[in-house]
Amino acid sequence: MTEQNYNPEKGYIALLGWSLNAIEAADKFDRRYVVVAPDWAEAYCTEHDIPYVPWNFERLNDRSVEIAHILQDKGVDVAIPLFEETVEWAGAINSVLMGNPRLFGQAMLLRDKALMKRRAQLGGIRVGIFEEAHDRDDVIRFLKRVNQTLLKLDGDPNDPIHLKAFDKAGCLGHRVIRTPDEVDTIPEEEFPVLMESHLDGWEFAVEAWVHNGKIRFLNISEYVTLGYSVFVPATPDLEKYRAQITAEIEKLIKTFDIEFGFVHPEYFVTSDGTMYFGEVAYRPPGFKVFELLERAYGFNAYQGMILAFDPKTTEEEIAAFFPKEVVDAKGYAGCFGVYPRRRVVSRLEIPEETENHEYFESHELTPPVEETVTKRTAFGTHWGLIYFFGEDPYVMRDLLKHQEELDFYV
Amino acid sequence: MSENQPASQAPVVNFDKLVQKLDESIVAMEESRPFAKAGKLPKLFDIARRVLLQPEGCQAIEARAQRLEEAGVFEGTDWADPATLVPSLTTYSLQSQNADTVVIEAFSELRLLLVARGSYLHPSVSAEQAHHYLTQVLAINLGLLFGMTGEAEREQGKLALISQSLVQYVASHIGYEHVIDSLIEEIWRILEQRPIRVSDVRRMITQIAICRADPDADLGSAGRGADRLISSLYGPTRACSEDPGTAVYQQRLETMDSAALQNEATGFARSMHDTGLVSPYHACFVRFILEGQDSLLSEALGLSSTGRDCLLCYRDLVRTLIDGSIFPETAQGLYGLALLLERGILYQPPVAPALWRQARLNLCPEARERIQFAYGYQPQPAAWLMQGVMNMLGQPLGVGQGNNPTCQSARALSMWAYNDPDYLLQMVAWAARDNEIVMHFEGQPVSSARSAGGVASEVTLDLDPVSLVVVPHLDRIYAEMGRLCVGREGDPHRWVNPEFHGWSAGRGFAINVDVATGNLTDLEGFIRHFYASYHPYYNGSQPLIHPQPAGIAVTDSAARFIGWHAITILRVTLDPEGEMRVYFFNPNNDSGQNWGDGVQVSTSGCGERFGESSLPFEMFTSRLYIFHYDPLERGEPAEVSEDELRRVTEGVYRSWGEDRVPADALQAEPPRID
């Protein structure tokens, strides 16, 4: 049951999508809120007295504007997207609520990886070589061309290229292609896709809370291995680029005309310190980075999002909310996504060295439902996360890396 | 007395940090909105599980039990209303393979302990109620309390450590005195089966003795029945009744006249045969009289005329056996020796020479090491092994498999000790001296040294000395024979059992489970055939000649299938009440099991000899899934009455056969044998 005491002077927000952590954060905060989620959530919301409006985000038709009017009639000030699939809904709703049609165009830009890169290029942001592919021939052509550009001779190992779905979150549908043979393994239904040249650099992610066109908190998340592990704050090796990274994000929010909210871009930094833009999302990151931030800094990242989106948030309020980056962190929080290494597994068994490690916090792994492990075709789709927390970023990094060599399902 | 526990403790972890994490997750739970609490539970339960695995774990949880309950860990579960909890159900949750179930049960017991101790005023349970409930929980889980483990704990793995330490923690605070009476009953029940390995029983008796000696423990009228048990270990005769220590007792012996020595001898013998336990003083006494007064030996062993005869014929051998292997630590060997003499097996020509070989056997380093690991350095490993040999030959039905999935090997040892003692001695010599046993499978030699792993990944140390040395070899051979059958259609025991156990195991093989599907097959034919082979009314009153291996589908007290288990059918005959019973040997450490649906295995009171289990013929048949027979003696399927047949088949369908009806589309797990 909600025990919330909200402040009527502040904004009324709508959460788009179902996330218990986000709902709990909102319930404990001082803004009035409503959850917009599919109708399967209704029973739970009624039972626990959670303010709720049913909406089916998959159905797009000429009645879609209704949700904006429903929320407008309730007096909602702003909609906050919780998932990739609700980003354009938030843009559309907010353009109605705030009387600002450009917000919808901005959301569409943030939803399409190819458009997003074009826009970034126009803003003078460095991106890798990229192209859309509509079939397998496009992929082979791009792979050849990229490698010709790199002055590779026949027989030299190719530089890989990356394929990503246009509009999916994070690692979903992300593939690495090295040879033309591998192209045949891409299922027809994944096209069209975005192709990118491989950047030999250090990939990292940023979470930035933006209010009144200014960055209010900027976190750098260090990937140990993409798709497996991440921790916050980053090691000093990466944090030394903070000033440069901040300048890049400022360029980004200017280019995309972002006045408020939350951005989650990914970058590469090459050995000479050049930053390459990968992509940007306008929603909370995957891999439970919000939970890691709360563990490391003690502030609730969802509440930070609510502040950043709420037009009624004051300067003092938001300045007081966020801690000082890196120095205020109590330690380093990381997580590792477990994927079974064996083809046939019968039970979950956390390795003793992991379980008894001082940094080990907890895990969300569940016993296997099936004995046969499906082959891993793309990044992502781990079976659950393991959480760590400790004082030394390098111990954390090596510990996360080491988990890749362990069996959690035997 | 040496108390031997398999060593399996978790490596060192930083307990303070762990408890800090526990506190943080409790705070997260407390601060959580009710609608989000469920999401906080997995983390809390996992950390609590790790805390409970530590030595101080129960204490840490108990200290937080009230907060845990108020934070809502029990909400939405049966544990939320402790007044309605049923003590007998704790056995299932404590033996569960689901970590969360074990943890929530631990939370609940520790909360009630806090209530019972008056530190937590619970809204729905009084301190007296909580105390009463916990007492019942302890009495029901005595096995856990004293580290006696069975099939269920084996399946449970490391979680069993939590259940054990929980029960022990609760007992240490509730007081053992409240469970002592049921404990004493339990000890007598176990002793009536005359197990070879009595260290668990010794531990329990010692625990009772400690409680009784503790002036703070108010035993009331409880524990009176323990006198005979305690005295059998710590003071069976007049001269040692106050447990003076062996050194003092030795001095007293030196000053005794012959009448006093005579009294001591009969006192020891009476106590030993009464309980099956041997006091260390008994060993001192026997060693003492061996010097010049060995006419008292027959009295001290409590021998009948048969035993005395045997002793007189093989006097030198017996003296050598005692001299080399009977010490206060290995006193239990005296009971084995007495029964060995009573069985008269020394009159079988190869047995005495084989025992002479055993007495002079050089042990290989591997065998030495295993014995030292399990029993310590005093006396020599060879003495321990000799003690084990005497016990196994004297008590062939006292063999137990320990906490190992090696019922096949334990059964084979028992069968040989019972039926073919010199063959057993040969196996012991090969394993202990050469560290290799070679058996033959359909003409092909199978060596334990050259076979890959056995059924058990590691054979634990909670075994008698003979099993400790021989079982690892047998287990590997058994598994290797199984591997040689890979690719053959049907159950591998058809070929493995006769080759493994020896010529006397019937070559004919009947099974009522289809290996490929796990479904029942031709149940009626199987039952008729079993009646025709084993039931005296249907087989021409032919008593069973050689003990025969058989397979049982073990079920728990709710008649749910647990697993396949190897037993030996020893004899089929009328019990004192005139009911036809199957008497069998179960290598499981405690055979008095409740298999559910009214099938309660009896171990005494129905005409059983020491170590035998028994069931009425029909009930036994309802749990049987494999038996052997002599194909040349196979008669016609018995004309079993429809009524009797129906009762047996219904017994199968109500228990382990429930999901195995062939029409069922669901495929059951393929059979697997321990």
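Specify the residue that is nearest to B:Val515 (Cα to Cα); the eligible residues are those in the range B:604-630 that are in a loop (DSSP other than H, G, I, E, B) and open to solvent by 10 Å² or more (accessible area, probe 1.4 Å). Quick ask: steps written out before the conclusion?
Here is the first cut: in the range B:604-630, the residues in a loop (DSSP other than H, G, I, E, B) are B:604-612, B:622-623, B:630.
So of that shortlist, the ones also open to solvent by 10 Å² or more (accessible area, probe 1.4 Å) come out as B:604-610, B:630.
Details: B:Ser604: 35, B:Gly605: 37, B:Cys606: 35, B:Gly607: 36, B:Glu608: 34, B:Arg609: 35, B:Phe610: 35, B:Asp630: 22 Å.
The selected residue is B:Asp630.
Is it the case that B:Gln97 is open to solvent by 30 Å² or more (accessible area, probe 1.4 Å), in the same structural domain as B:Ala160 (by TED's automatic domain parsing) and not in a loop (DSSP other than H, G, I, E, B)? Against the criterion (open to solvent by 30 Å² or more (accessible area, probe 1.4 Å), in the same structural domain as B:Ala160 (by TED's automatic domain parsing) and not in a loop (DSSP other than H, G, I, E, B)), B:Gln97 does not qualify. Within the range A:7-26, the set of residues being among the hydroxyl-bearing types (Ser, Thr, Tyr) and more than 14 Å from chain B (Cβ to nearest Cβ) comprises just one member, A:Tyr12. Can B:Leu52 be described as within 12 Å of another protein chain (Cβ to nearest Cβ) and either modelled with pLDDT of 90 or more or crowded, with 20+ Cβ neighbours inside 10 Å (or both)? Against the criterion (within 12 Å of another protein chain (Cβ to nearest Cβ) and either modelled with pLDDT of 90 or more or crowded, with 20+ Cβ neighbours inside 10 Å (or both)), B:Leu52 does not qualify. When the range B:14-23 is limited to residues that are open to solvent by 30 Å² or more (accessible area, probe 1.4 Å) and within 9 Å of chain A (Cβ to nearest Cβ), the one that is modelled with the highest pLDDT turns out to be B:Lys17. Just name the residue that is most open to solvent (accessible area, probe 1.4 Å) out of those in the range B:406-459 that are among the hydroxyl-bearing types (Ser, Thr, Tyr) and out of contact with any His (no Cβ under 8 Å at 6 or more places or on another chain). So the residue we want is B:Ser457. A:Val224 meets the stated requirement of being in a strand (DSSP E or B), closer than 21 Å to A:Lys164 by Cα and of a type in the set (A, V, I, L, M).
Residues in the range A:355-366 include none that are in contact (Cβ under 8 Å) with a residue 24 or more places away in the chain, among the acidic types (Asp, Glu) and within 30 Å of A:Met98 (Cβ to Cβ).
Only one entry in B:Tyr375, B:Tyr314 is touching a residue at least 40 places away in the same chain (Cβ under 8 Å), surrounded by 15 or more Cβ atoms within 10 Å (Cβ to Cβ) and of a type in the set (Phe, Trp, Tyr), namely B:Tyr375. In the range A:27-62, the residue that is surrounded by the fewest Cβ atoms within 10 Å (Cβ to Cβ) out of those that are part of a loop (DSSP other than H, G, I, E, B), out of contact with any strand residue (DSSP E or B) (no Cβ under 8 Å at 6 or more places or on another chain) and within 14 Å of chain B (Cβ to nearest Cβ) is A:Asp49. Among the candidates A:Ala308, A:Ala319, A:Ala329, single out the residue that is under 25 Å from the mean Cα position of the chain (by Cα), open to solvent by 20 Å² or more (accessible area, probe 1.4 Å) and under 30 Å from A:Val76 (Cβ atoms). Exactly one residue qualifies, and that residue is A:Ala319. Residue count for the range B:25-42, restricted to those that are within 9 Å of chain A (Cβ to nearest Cβ) and in contact with a Leu (Cβ under 8 Å, 6 or more places away or on another chain): 4.
Any residue at all in the range A:118-129 that's more than 15 Å from A:Glu279 (Cβ to Cβ), polar (S, T, N, Q) and not assigned by TED's automatic domain parsing to the domain that holds A:His264?
Step one: filter the range A:118-129 for residues more than 15 Å from A:Glu279 (Cβ to Cβ), giving A:122, A:124.
From the residues that got through so far, the ones that are polar (S, T, N, Q) too are none.
No, that holds for no residue.
For the criterion of being under 22 Å from B:Asn404 (Cα atoms), open to solvent by less than 20 Å² (accessible area, probe 1.4 Å) and either modelled with pLDDT of 95 or more or not in a helix (DSSP H, G or I) (or both), B:Val496 fails. Checking the stated criteria, B:Tyr583 turns out to be without any contact (Cβ under 8 Å) to a residue 40 or more places away in the chain, touching a strand residue (DSSP E or B) at 6+ places or on another chain (Cβ under 6 Å) and open to solvent by less than 50 Å² (accessible area, probe 1.4 Å). Determine, yes or no, whether B:Glu577 is open to solvent by 50 Å² or more (accessible area, probe 1.4 Å) and either modelled with pLDDT of 90 or more or touching a helix residue (DSSP H, G or I) at 6+ places or on another chain (Cβ under 6 Å) (or both). Against the criterion (open to solvent by 50 Å² or more (accessible area, probe 1.4 Å) and either modelled with pLDDT of 90 or more or touching a helix residue (DSSP H, G or I) at 6+ places or on another chain (Cβ under 6 Å) (or both)), B:Glu577 qualifies. Residues in the range A:333-366 that are closer than 24 Å to B:Gln97 by Cα, away from chain B (no Cβ under 14 Å) and not in a loop (DSSP other than H, G, I, E, B): A:Val344 only.
Tell me which residues, restricted to the range A:311-332, are assigned to a helix (DSSP H, G or I), touching a Lys or Arg at 6+ places or on another chain (Cβ under 9 Å) and touching a residue at least 12 places away in the same chain (Cβ under 8 Å). Even if it seems obvious, please write down each step before you answer.
First, pick out the residues of the range A:311-332 that are assigned to a helix (DSSP H, G or I): A:315-321.
Keeping just the survivors that are touching a Lys or Arg at 6+ places or on another chain (Cβ under 9 Å) gives A:317-319, A:321.
Hits for the range A:311-332 are A:Ile318, A:Ala319, A:Phe321.
The single condition among (1) part of a strand (DSSP E or B); (2) under 25 Å from A:Gly105 (Cα atoms) that A:Leu252 does not meet is (1).
If we only count helices (runs of 4 or more DSSP H) wholly inside the range A:63-173, which ones have 3 or more residues that are at pLDDT 85 or above and of a type in the set (D, E, K, R)? Talk me through it step by step, then tell me what you get.
Working: elements: A:65-74, A:87-97, A:102-111, A:113-122, A:136-149.
Where helices (runs of 4 or more DSSP H) fall fully within the range A:63-173 and carry at least 3 residues being at pLDDT 85 or above and of a type in the set (D, E, K, R), they are A:65-74, A:113-122, A:136-149.
Going by what's in this entry, would A:Ile177 be described as of a type outside the set (Phe, Trp, Tyr) and open to solvent by less than 10 Å² (accessible area, probe 1.4 Å)? Yes: the conditions hold for A:Ile177.
Within the range B:604-624, the set of residues being over 19 Å from B:Leu544 (Cβ atoms) and touching a Gly at 6+ places or on another chain (Cβ under 6 Å) comprises just one member, B:Ser622.
The values are calculated or read from the model by the stated rules, or taken from the named source; none is laboratory data. The model shown is predicted, which means the values in this text are computed figures rather than measured ones. Positions of Cβ are generated from backbone atoms using ideal geometry, with glycine treated the same way; all protein chains shown enter the neighbour counts. The protein model used for the area step is the full one, side chains on, heavy atoms only, and it has no ligands, DNA or RNA in it. Shrake-Rupley method; radii C 1.70, N 1.55, O 1.52, S 1.80 Å.
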